[in-house]
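Single-structure report; data block below.
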Amino acid sequence: MSEIFKDIPVIKYEGKDSKNPLAFKFYDPDKVVLGKKMSEHLPFAMAWWHNLCAAGTDMFGRDTADKAFGAEKGTMAHAKAKVDAGFEFMQKLGIKYFCFHDVDIVPEADDIKETNRRLDEITDYILTKMEGTDIKCLWGTANMFSNPRFMNGAGSTNSADVYCFAAAQIKKALELTVKLGGKGYVFWGGREGYETLLNTDVKLEQENIANLMRMAVEYGRKIGFTGDFYIEPKPKEPMKHQYDFDAATAIGFLKAHSLDKDFKMNIEANHATLAGHTFQHELRISAINGMLGSIDANQGDYLLGWDTDEFPFDVYEATLCMYEVIKAGGLTGGFNFDAKNRRPSNTYEDMFHAYILGMDTFALGLMKAAAIIEDGRIEEFIKNKYSSFNSEIGQKITSGTATLEELAAHAEAMGDVKDVMSGRQEYLEAVMNSIMFS
Ligand code: XLS
Ligand code: CA
Ligand code: CA
């Protein structure tokens, strides 16, 4: 099989002074950080849809990039060419995982039985490509938002027939995920939401979604899927209001429907900011609930109110992300670059520049997060800030054994509080900067 990215070499680490655009400046897979290799801290994944399918089309214009990879688009030959391109791409970058939707890997046929046959064929081919490499599937998912049948939702549709198609796609996507040894299975509720309550039964829709997830868990466990199911929260786009608004909402939903043992969060940076949160906030909320599973590593644009899915270049954000990940003890999933080149970055070389940028950004983030932890001032500050809870009355409060009467008596005995302690935000921000730029 011929090389697709002929002019691109295997990407190597050359160090921070390198000016070679096709080299890592910071991602050094074997470098040990906090006792673990960078490559183990950072299980990166390629997103099939953005990297191998999306070619720059936007609302105002058609493709700018060539993702035909030498084949006729919409054919199985093209599907295979994308597999070839994907594996060459991952091997040249040293990426060990990929993520996919069912419809990313084959052209959808008019009949689901034919689509499923194509999916069997292509996954056989993917398996042959995986052999002899250390490339694995991070997670699979079903695209239940592009086909017109899902215009009113998938799990949240008004049509029982459409609901069955959603079930059929999940069943197949789970089988494929297991076949490819996938570690996770994602539910991103693209059209699970509404535009207006004038035509929507929220209670029925949410219960139907929960039932679909329950059936997915039951079937997945039956066919040997031992990994995590993930919800990927997003507040809007394409719908005005999506049910999985943010991590707190999704976690509440999972707990209300007793799905929390099988599910974790897949947190996407751009979705966090769309929800009016920081990326770090979403990670922290997931982590303290024991549900930080995987990450869609991208970034949005503060001037644009939509999901721009840019490659992450903000080292400060990546540092705070890695700080959360390290403190949570790592991810069961990985870092999926759910990101696309800007429309005018339309060459094969740009595809590599984008991944080099993302991988270097997270490598820097990892090193800086380790530096924050080793420095210790921020952690120490937080510990001290809450030290009053080490007192006798404080311990009663945190252990949940205090009564309101007893606390009121304590307050009355004091008369007034002498010192609540400064939050020292500006000092801590200066500490951050001194670590970031040392
Ligand atoms: C869209 C989502 C989607 C999920 C997978 O905004 O990011 O790509 O990650 O369906
Ligand atoms: Ca995503
Ligand atoms: Ca997105």
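For (1) assigned to a loop (DSSP other than H, G, I, E, B); (2) under 15 Å from I356 (Cα atoms); (3) touching a Lys or Arg at 6+ places or on another chain (Cβ under 6 Å), each residue gets a yes or a no:
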site	(1), (2), (3)
E3	yes, no, no
G15	yes, yes, no
H50	no, no, yes
A65	yes, no, no
A81	no, no, no
Evaluation of A272 against (1) part of a helix (DSSP H, G or I); (2) away from ligand 1 (no atom under 13 Å from the Cβ); (3) over 22 Å from K183 (Cα atoms) (one fails), failing number: (2)
The lone exception for G358 - which of (1) farther than 29 Å from G227 by Cβ; (2) within 16 Å of ligand 3 (Cβ to nearest atom); (3) part of a helix (DSSP H, G or I); (4) not hydroxyl-bearing (S, T, Y) it fails: (1)
Of the numbered conditions (1) under 24 Å from G334 (Cβ atoms); (2) within 16 Å of ligand 1 (Cβ to nearest atom), G181 satisfies every one except a single condition; which is it? (2)
I need the full set of residues from the stretch 312-340 which are closer than 16 Å to W48 by Cβ, among the hydrophobic types (A, V, I, L, M, F, W, C) and assigned to a loop (DSSP other than H, G, I, E, B), in order please. A339
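Restricting attention to helices (runs of 4 or more DSSP H) lying wholly within the stretch 159-259, give those where 3 or more residues are in contact with a His (Cβ under 8 Å, 6 or more places away or on another chain) and at pLDDT 95 or above.
202-222
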Just give me the residues in the stretch 36-95 being within 16 Å of ligand 1 (Cβ to nearest atom) and acidic (D, E), in sequence order. D58
Cβ contacts < 6 Å: first residue free of Cβ contacts under 8 Å to residues at least 60 places away in the same chain, restricted to the stretch 125-150; second residue within 14 Å of ligand 1 (Cβ to nearest atom) and in a loop (DSSP other than H, G, I, E, B), any location; separation 6+ or different chain. Result? C137/G182; G140/G182; M144/A154; F150/M144; F150/R191
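Can you name the residue in the stretch 255-269 that is more than 14 Å from ligand 1 (Cβ to nearest atom) and of a type in the set (D, E) and, of all such residues, is surrounded by the fewest Cβ atoms within 10 Å (Cβ to Cβ)?
D260
If you scan the stretch 103-137, which residues turn out to be of a type in the set (V, I, T), assigned to a loop (DSSP other than H, G, I, E, B) and under 10 Å from A79 (Cα atoms)?
Within the stretch 103-137, just V106 meets the criteria.
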So which residues in the stretch 280-304 are under 28 Å from G140 (Cβ atoms), within 16 Å of ligand 1 (Cβ to nearest atom) and assigned to a loop (DSSP other than H, G, I, E, B)? A297, N298, G300
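The values are calculated or read from the model by the stated rules, or taken from the named source; none is laboratory data. Please read these numbers as outputs of a predicted model, since none were measured by experiment. Quick reminder, even Gly has a Cβ in these numbers, built from the backbone with ideal geometry, and neighbours come from all protein chains shown.
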